[in-house]
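As structure tokens, the structure follows; a few thoughts come after it.
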Amino acid sequence: MADQSVFRITKELSDLQKNSDLSLAVACRDIDVRNVKALIIGPHETPYEFGFFEFDFMFNKDYPRKSPTVTGTTTNSGRTRFNPNIYANGKVCLSILGTWRGDPGEQWSAAQGLESILLSIQSLLSTNPYENEPGFEDANEASDKKNQKDYVQKIRHETLRISVIQRLEEYLGIDAGGSVQPMVPSDYDLDMDTLDDDSAPFLPFKDLCKRRFLWYYESYLAAIQKGKEETKDGQSFARMPFEGVGNSMEGKFNFTELEKRLRNIKKVLDEETERWASEGMEAKAKETTVAVNLQRQFEQVVESFKRADIPHNVELVDNNPFIWVLTYFGKPMTNLDGGLFRFKLHFSPRFPEEQPRVRFETRLFHHRISPDGTPCYVSPINKREDVKSHIEAVIDALEEEQPPYDPRTLVNPEAFKLYWGGTDERRNYNRRLRRSVQQSME
């Protein structure tokens, strides 16, 4: 039974990691598949929008006959209850987990698994979480309407403060004053195989959250602006009828301070990306494995472009294999036809553990490119170390003619709204895209 349990967990992890769902991520240490970490990115148009919510799963030997134990860890050290069903102590109330009474047929069965649990938790992160509390599903009094609005406002604030800003500040070593703590020199030169897995903190979503922060930066700013319009700095959070001492969301609004911290995170992230260039030159001089690998991949990409007669041009900046510049020629017979666009790929000395960060230098109005030039693309999970796959994924995101509607790719709010609007909005989008294409040649 134990072997079957491990086999089932391993398969579910593999399936989820291959999944194209951009809002879910899972990871575990190689030596311990029974303890799994999961990340849920808050759904669009909810107060949890693009927040990073982490959960610990512990699978017992009776899985899948019995459900795993699930604990929320995005709780501000046990001080914040983000949802009527997700307590400050991390308890997740779901009938399929046996932590809440449910209707017949809602209990756990072996047909369910890790993904179904994650989707059930994600469904709790709704537009109106107030109604998740039992007995409040149909609450419609004037006081309930006010509570619903107050609840959404404070969840939006704490989603930004705790799940996004606080998390990124910890990842980047930003202290309370906004300064960055010194990095350990040449940490990229460590022999990772000699490190004891248990000696280092397990932070599997660190790089993912950094990259998604760059995707959703404009949406975070928009949420802050909305919060400023609806609340006053210093205004206390309203307590909900179902919140009690030690299991609530207490605090005061200060969206002005959140904006300051958010912009500082963006600045520090950009500086970190730029720092990879000098770190990369040091790695090249030491002929590290990553430096040699990137140099070899560069030469292979150049050769493959020549053989396939692909017009795009790729070069190294200052002969540094950690910074590539690609010149992309717009695809004929599309809105990109006639355009000439440059984008940089910055590589970390810890690649592929840290994935490349891509930035368009040529301004392009596109629903998959953020205002600062960061493209929203996804490379195949099994080719994370293959640079050519990253380049192809960026180009595919640009050229996709009939993409499915997916709000998780919302990196340019203005362009996204026009692209997915009505006929007039799409026409306006196409005009602005074509104008930026023409300007790329000026």
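The values are calculated or read from the model by the stated rules, or taken from the named source; none is laboratory data. Remember, it's a predicted structure, so these values are computed and weren't measured experimentally. Positions of Cβ are backbone-derived with ideal geometry, glycine not excepted, and every protein chain shown enters the neighbour counts. What goes into the accessible areas is simple: the full protein's heavy atoms, side chains included, and nothing from ligands, DNA or RNA. Shrake-Rupley method; radii C 1.70, N 1.55, O 1.52, S 1.80 Å.
Could you bin all the Cα-Cα distances of the chain into 20 Å bins starting at 0 and give me the percent of pairs in each, rounded to whole numbers?
Cα pair-distance distribution for the chain, in percent: 22, 53, 24, 1.
Mind checking the per residue accessible area of the chain for me, 1.4 Å probe, whole number of Å²? Numbers along the way, then the final one.
On the way: 21770 Å² over 442 residues.
The answer is 49 Å² per residue.
Determine the alpha carbon to alpha carbon distance for each of K228/K267; K149/K267; K284/K388; K61/K383; K11/K417 and list only those over 31 Å.
Details: K228/K267 22 Å; K149/K267 33 Å; K284/K388 20 Å; K61/K383 33 Å; K11/K417 38 Å.
Distance filter (> 31 Å) returns K149/K267; K61/K383; K11/K417.
What is the magnitude of the charge dipole of the stretch 45-152 about its Cα centre, with +1 placed on the Cβ of each Lys and Arg, -1 on the Cβ of each Asp and Glu, and no other charges, expressed in debye to the nearest 20? Could you put the intermediate results ahead of the total?
Values: 10 positive and 15 negative charges, 97 e Å.
Approximately 460 debye in magnitude.
Measure off 7 Å from each Cα along the Cα-to-Cβ vector at L22 and R342, then give the distance between these two points in nanometres to one decimal.
2.7 nm
At R0 = 30 Å, how high is the FRET efficiency between R384 and K286 if r is their beta carbon distance? Nearest 0.05 is fine.
Between R384 and K286 the formula returns 0.80.
Distances longer than 23 Å among the Cα atoms of the stretch 341-435: what percent of all pairs is that?
Values: 1209 of 4465 pairs.
Summing the P(r) of the stretch 341-435 above 23 Å gives 27 percent of all pairs.
Nearest 10 degrees is fine. How inclined is helix 2-18 to the longest principal axis of the chain, computing both from alpha carbons?
Once rounded, the angle reads 60 degrees.
Lys/Arg Cβ at +1, Asp/Glu Cβ at -1, dipole of the chain taken about the Cα centre: which of N428, Q402, P311 is farthest positive-ward?
N428
What does the charge dipole of the chain about its Cα centre add up to, to the nearest 20 debye, if the Cβ of each Lys and Arg holds +1 and the Cβ of each Asp and Glu holds -1? Numbers along the way, then the final one.
Numbers: 59 positive and 70 negative charges, 183 e Å.
So the magnitude is around 880 debye.
What is the local net charge at E250, summed over the other residues whose Cβ is closer than 11 Å to its Cβ (Lys, Arg +1; Asp, Glu -1)?
Working: positive: R79, R81, K154, R239, K252; negative: E158, E243.
Once all neighbours under 11 Å are counted, the net charge is +3.
Hey, any idea what Rg/Rh is for the stretch 1-68, computing Rh the Kirkwood way over Cα pairs?
1.04
Rounded to the nearest 0.05, what FRET efficiency do S109 and E137 have when you use their Cβ-Cβ distance and R0 = 25 Å? Can you show the working numbers first?
Details: r = 25 Å, r/R0 = 0.99.
Working from the Cβ atoms, E equals 0.50.
Ranked highest first by the average count of other Cβ atoms within 10 Å around their residues, in what order do 88-95, 307-314, 353-360 fall?
Working: 88-95: 17.9, 307-314: 11.0, 353-360: 19.6.
Those peptides, ordered most packed to least, come out 353-360, 88-95, 307-314.
Just grab the label-to-label distance for K331 and W100, each label 7 Å out from Cα along the Cβ direction, in nm (one decimal).
4.4 nm
Cα-Cα pairs above 23 Å in the stretch 232-325: how many percent? Each step should come with its number before you reach the end.
Working: 2506 of 4371 pairs.
Above the 23 Å cut-off, the stretch 232-325 has 57 percent of its Cα pairs.
Test of understanding: in a Gaussian network model of the chain with alpha carbons linked when under 10 Å, which of E315, E400, E279 would top the mean-square fluctuation ranking?
With Cα springs under 10 Å in the chain, the top fluctuation among E315, E400, E279 is at E400.
To the nearest 0.05, what FRET efficiency results for E250 and R307 with a Förster distance of 45 Å applied to their C-beta separation? Kindly include the intermediate steps, with their values, before the conclusion.
Working: r = 63 Å, r/R0 = 1.40.
Efficiency at R0 = 45 Å is approximately 0.10.
Ignoring ligands, DNA and RNA, what percent of the accessible area of the stretch 325-397 is carbon or sulfur (1.4 Å)?
On the way: 1480 of 2810 Å².
C and S atoms contribute 53 percent here.
Under a 5 Å amide H to amide H cut-off, with H placed in plane at 1.01 Å, what residues pair with R342 once short-range neighbours are removed?
Those lying under 5 Å, H to H, from R342 are Y328, E361, T362.
Test of understanding: extend the Cα→C-beta vector of S116 to 7 Å, then name every residue of the stretch 81-103 with backbone N under 12 Å from that spot.
Under cut-off, by backbone N: 96-97.
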